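Taking it in order: structure first as structure tokens, then the write-up.
The values are calculated or read from the model by the stated rules, or taken from the named source; none is laboratory data. These figures come from a predicted structure and were not determined experimentally. Note that we place each Cβ from the backbone using ideal geometry, even for glycine, and neighbour counts take in every protein chain shown. The area values use the complete protein model at the heavy-atom level, side chains included, leaving out ligands, DNA and RNA. Shrake-Rupley method; radii C 1.70, N 1.55, O 1.52, S 1.80 Å.
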Amino acid sequence: METDVQLDQSHFDETQINWERIAEPQDDQYDTQITLEYAQRAGYTRRDVGNCPTFFDGQVAIRPDTTIVFALDCIPADPSHPNVSKGSDLLRHWSTVYVQFQQLVDSVSLFFYTPHSFDLVVGSICGPGGAGFGTIAATVNHHVGFAEALVHEMAHHKLQALGVQFESAERLVTNPAEQTFRSPIRYDCLRPMTAVLHAQYSYTYVSALDIHIINAGTDAERDRQIAAGSLAWNLPKLEFGLDVIGKYVTVDEAGADFMKGFYAWSERILKDGYSILERFQIPPLQFEHPLV
């Protein structure tokens, strides 16, 4: 699988970026190239894997990180844990993002959530790694949850490199930080539009991965579990988030194009996701945000 993304930095011209192609992962890795350029301009230098164990065909290090204040009851996981390869291999069903992950992430720190046994509960506890862009921490209790965590966190890194932080933005989004809205994922408080977009974007990646895994059709029982345990929960939340963003987001010129591409991608994900739920005869779970 080709993984070498070449950046011609001497010809990088921000005014020529096709922002409509940035939101959705591109087969030619165009969005990956632009993301890496912005990350490198902000000071990112990819770390070599060194002597660390690796995965993603030797491109990504499995690197212990003692600087992370991770979730309670989580302990470091062995790099040889079977869910590491099982989870990462699920990304092969979405080959575009498999390559993107190899390029945008240089290391992952693994943890195990001790109250839940191996592959019992779908999901993962995840967050950024201690070294900033390109580093991720995630639990490996469930192989599907681990795979979802990888793309979830990579989506946050990508959006941040493009200029959208959780509480502010250099480009794309122009809503002031003091203007807050209901988030499709967080329910304890209203959030700035930048944080709402982060929640929406990360779970869009998760749902797209779910769809690719299910459409590959390699494990019928697992496919049904993903449909019931992830898509049925997340698709109504994504619809809610799209409604909030569509009504209230304010953008610059680049953001207008970015959002155009993002809306088009989101519409296809919702269509394909609901089609899968209908095929499995799994009803989507009704979502009502607790905050008014």
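Restricting to Cα pairs below 8 Å that are 6+ residues apart, what does the relative contact order work out to for the stretch 17-162? Please round to a whole percent.
Numbers: 239 pairs, mean separation 36.6, N = 146.
Taking the mean separation of contacting Cα pairs over the length of the stretch 17-162, I get 25 percent.
Mean projected area of the Cα convex hull of the stretch 75-114, taken over all directions, amounts to 3.1 nm².
In plain terms, if you count all Cα to Cα distances in the chain and split them into 10 Å steps from zero, the share in each step is 6, 28, 37, 24, 5, 0 percent.
Ignoring lysines fewer than eight residues from Lys260 along the same chain, the ones with Cα atoms less than 25 angstrom from its Cα are Lys158, Lys237, Lys247, Lys271.
Counting DSSP beta bridges with both partners in the chain, what percentage is antiparallel, nearest 5? Bridges in the chain are about 65 percent antiparallel.
Normalised by the number of residues in the chain, the average gap of Cα pairs under 8 Å and 6 or more apart makes the relative contact order 18 percent.
Suppose every K and R has +1 on its Cβ and every D and E has -1 on its Cβ; what is the size of the dipole of the chain about the Cα centre, in Debye to the nearest 20? Could you put the intermediate results ahead of the total?
Details: 20 positive and 38 negative charges, 116 e Å.
Computed about the Cα centre, the dipole is about 560 debye.
What's the center-to-center distance, using Cα atoms, between the stretch 51-122 and the stretch 177-207 in Å? Answer, in whole Å: 25. With 5 Å bins from zero, work out the P(r) of the stretch 121-163 over every alpha carbon pair and list the percent per bin. Bin by bin from 0 Å, the calculated values are 6, 27, 30, 20, 11, 5, 1.
Over the chain, with every protein chain in place, what whole percent of the accessible area is carbon and sulfur at 1.4 Å, could you tell me?
Whole-percent figure for carbon plus sulfur exposure: 50.
As a length-normalised measure over Cα pairs under 8 Å and 6 or more apart, the relative contact order of the stretch 122-169 settles at 33 percent.
Among Ala138, Val151, Gln103, whose Cα lies farthest out toward the positive end of the dipole of the chain, if unit charges sit on the beta carbon of Lys, Arg (+1) and Asp, Glu (-1)? About the Cα centre, the residue reaching furthest to the positive side is Ala138. Applying a length cut-off of 20 Å (Cα extent along the axis) and a mean Kyte-Doolittle floor of 0.5 to the DSSP H helices of the chain leaves 193-216.
Between Asp65 and any residue 5 or more places off or on another chain, the built amide H atoms are never under 5 Å apart.
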